1. Any idea which residue in the range 308-334 is nearest to R351 (Cα to Cα), counting only those that are loosely packed, with under 15 Cβ neighbours inside 10 Å and among the charged types (D, E, K, R)?
2. Y354 versus (1) touching a residue at least 12 places away in the same chain (Cβ under 8 Å); (2) within 26 Å of the chain's Cα centre (by Cα): which is the lone unmet condition?
3. Within the range 503-535, how many residues turn out to be within 17 Å of K581 (Cβ to Cβ), in contact with a helix residue (DSSP H, G or I) (Cβ under 9 Å, 6 or more places away or on another chain) and not acidic (D, E)?
4. Can you tell me which residue in the range 46-71 is surrounded by the fewest Cβ atoms within 10 Å (Cβ to Cβ), limited to those that are at pLDDT below 90, more than 26 Å from the chain's Cα centre (by Cα) and within 23 Å of L115 (Cβ to Cβ)?
5. Determine if the range 251-260 includes at least one residue that is touching a Lys or Arg at 6+ places or on another chain (Cβ under 9 Å), surrounded by fewer than 16 Cβ atoms within 10 Å (Cβ to Cβ) and either over 28 Å from K315 (Cβ atoms) or free of Cβ contacts under 8 Å to residues at least 60 places away in the same chain (or both).
6. Quick check on the range 185-201. Is at least one of its residues small (G, A, S) and assigned to a helix (DSSP H, G or I)?
7. If a residue must be among the small types (G, A, S), farther than 23 Å from L92 by Cα and at pLDDT 85 or above, how many such residues does the range 541-573 contain?
8. Report the residue count in the range 516-544 for those that are surrounded by fewer than 13 Cβ atoms within 10 Å (Cβ to Cβ), over 27 Å from F128 (Cα atoms) and not aliphatic (A, V, I, L, M).
Amino acid sequence: MHQIHALSPQPLKPLLSVLSRRRWLNKTPSLHKPPNLKRLTFRVVQLTRRRQLHQIVEEIKIAKRRYGKLNTIVMNAVLEACVHCGDIDLALKFFDDMSQPESCGVDNVTYGTLLKGLGESRRIDEAFQILEAVEKGAAVGSPKLSAPLICGLLNALIEAGDLRRANGLLARYGFLLREGGNPSVLLYNLLMKGHINAGSPEVVLTLHEEMLDLGLEPDRLTYNTLIFACVKSEKLDIAMSFYKQLKEKAQKYSYDNFHPDVFTYTMLLEGFGHAKDLPSVLKIVFEMKSCQNLFIDRTAFTAIVGALLNCGSIKGALCVFGEIVKRSGANPKLRPKPHLYVSMMRKLAARGDYIMVKNLHKRMWPDSAGTISLAVQEEADHLLMEAALNDGQVLDFCIHDLQLMGPIMVNVAIDKLTDIITKWKGISWRSRGSMVCNRYKYNKIKSKLNYLIFGCQFSIFSLAVAVRIEALLGFTKSMFSPYLLPQISPDEPIENLMMPFEEARPLQGTTVLQKVVMRFFRDPVVPIIDDWGSCVGLLHREDCTELNAPLSAMMRSPPPCVAATTSIGHVVDLILEKRYKMVVVVKHGSRAVGVFTSEQLSKLVAPVSELPGARTLCL
């Protein structure tokens, strides 16, 4: 007979030791297996699109503590995030960390991203120094001089309209972009875009002729750039001829890359909308919807609505807007952006359709895609006030008619103005809420308010919704303590008021602070120029912290710039809202011709009580 023995713990010891040994062996390889960082890379890309650079930095610190050294792919994504968010100093810091012997290292993608960032931040000298190091083989990581390295910097220069430096870059490294000894189609496409950004789109047609003379075959990007240039120069007939050529090539070669794409149609819609050519706009929309292989995305739908609004077709715009909202139920990527709501509200507010504006204002928050900026929120509130004030009014009225306005909607407008002042701590003199009366014809109010409030030289087109409400209330019940510009009109170009650039006495960026330190006791901000005389930054008094450092190391770059034709009102808004101490005025893309400072502005303003003849207006 078999004997049954009692179970004892002794036989389990070898079994437990074997099992624990197997578990340890199974875990041991994972200690040496590199971590899978794809999810981290994807997370960095997502945060980059949202411009959440601070969050990226925090998560990279956590990942380094968890995994140790990260790979080059992840760090290249972080470098791209820094460039995308405009923090080139942080990008240089990460680049230095990657270049250390114990770190992940750098490659061609790293250098291409860094060169693009330096170009976008207008630190061209540093970019050329890196290119020289790569050319001599002295750069960390031994990158190869190649077309992708050049294209990033070249595209940044072209985007900024700096054709002088772009041509200098091509003169030195253009051989990398040539095919068979001749410039490539890609190079011509970049040059075309550069001339458009520099404000000379007519040159694009000449470049197209050069391409044809060299036997180069334009691609769809070339045709789109040509159409864009023709739209910018208001040559819509030539734009349509290029559009027909593109369609003929697509039919001839049966090649999808020659079919007009969304960008082609968007540019044509912008041109015909600006020209207020409603039949052509409807024709383009019909062709878009007839293309089976064309997906009309959110940008294209927005262009359609914008073109219809410019042509005065409010009903057509509302129909397309309704189609967008309906389609966005199945495809969230079609949800309209906040600025489309604001565009609709502008036109409807001008018509006095308060109910429609109120509905759009209400639905913008839950139904729009993306972030609603403070500027958009403020303008939406102003439009609500404007719609209330315009509701049920006759456009041609005199000062006596102010007493005959519908009391209900006027009270609504006053309530909205009160809400705006409470919420936004004031109202900008050039905001939508204060600059909408250019559609009205004031008769007696022109002669009284124009002199009484703004001064004899102030344009009547600057009379505002807020002023109309002030007129209703009387200045004894004013909601404001206004400071006004009695000597200028906000619609004049800034070049009429700017200080010439030479009188601002710019300093060279290579100058050491110790040599010019007394300058900053007199001037709170000084423009900084490079060896070619281009303004590359502004140095503020509070940033002068190192006596032995060059000025370029402490300046704020790039400087805030506006075109010479920019209105005075817009420049004043920049100074007040962004708190700029100096704005650089440029011509022809990047050449500095003057400056306008906050100190100049303070000398021009005057309180309303100090204006001659100021007194209470009784209606």
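The values are calculated or read from the model by the stated rules, or taken from the named source; none is laboratory data. All of these numbers come straight from a predicted model, not from anything done at the bench. Virtual Cβ from ideal backbone geometry, glycine too; neighbours counted across all protein chains shown.
1. Looking at the filtered set, the residue picked out is K315.
2. Condition not satisfied by Y354: (2).
3. Within the range 503-535, the first condition is being within 17 Å of K581 (Cβ to Cβ), and the residues that meet it are 503-507, 519-528, 535.
With in contact with a helix residue (DSSP H, G or I) (Cβ under 9 Å, 6 or more places away or on another chain) added as a condition, the list becomes 505, 507, 520-521, 523-528, 535.
If we keep only those that are not acidic (D, E) too, we end up with 505, 507, 520-521, 524-528, 535.
The number of residues fulfilling the criteria is 10.
4. Filtering the range 46-71 for residues that are at pLDDT below 90, more than 26 Å from the chain's Cα centre (by Cα) and within 23 Å of L115 (Cβ to Cβ), the one surrounded by the fewest Cβ atoms within 10 Å (Cβ to Cβ) comes out as N71.
5. Just the residues of the range 251-260 that are touching a Lys or Arg at 6+ places or on another chain (Cβ under 9 Å), to begin with: 255, 257-260.
Restricting the remaining residues to those that are surrounded by fewer than 16 Cβ atoms within 10 Å (Cβ to Cβ) gives 255, 257.
After this cut, where a residue has to be either over 28 Å from K315 (Cβ atoms) or free of Cβ contacts under 8 Å to residues at least 60 places away in the same chain (or both) as well, the list is 255, 257.
Yes, there is a match, as at least one residue in the range 251-260 is touching a Lys or Arg at 6+ places or on another chain (Cβ under 9 Å), surrounded by fewer than 16 Cβ atoms within 10 Å (Cβ to Cβ) and either over 28 Å from K315 (Cβ atoms) or free of Cβ contacts under 8 Å to residues at least 60 places away in the same chain (or both).
6. Of the range 185-201, the ones small (G, A, S) are 194, 198-200.
Retained after the next criterion (residues that are assigned to a helix (DSSP H, G or I)): 194.
Yes; the residues of the range 185-201 include at least one that is small (G, A, S) and assigned to a helix (DSSP H, G or I).
7. Initially, the range 541-573 is screened for residues among the small types (G, A, S), giving 549, 552-553, 557, 563-564, 567, 569.
Among the residues that remain, those that are also farther than 23 Å from L92 by Cα are: 563-564, 567, 569.
From what is left, the residues that are at pLDDT 85 or above are 563-564, 567.
Count: 3.
8. Step one: filter the range 516-544 for residues surrounded by fewer than 13 Cβ atoms within 10 Å (Cβ to Cβ), giving 517-518, 521-522, 531-533, 542.
With over 27 Å from F128 (Cα atoms) added as a condition, the list becomes 517-518, 521-522, 542.
Keeping just the survivors that are not aliphatic (A, V, I, L, M) gives 521-522, 542.
Looking only at that region, the number is 3.
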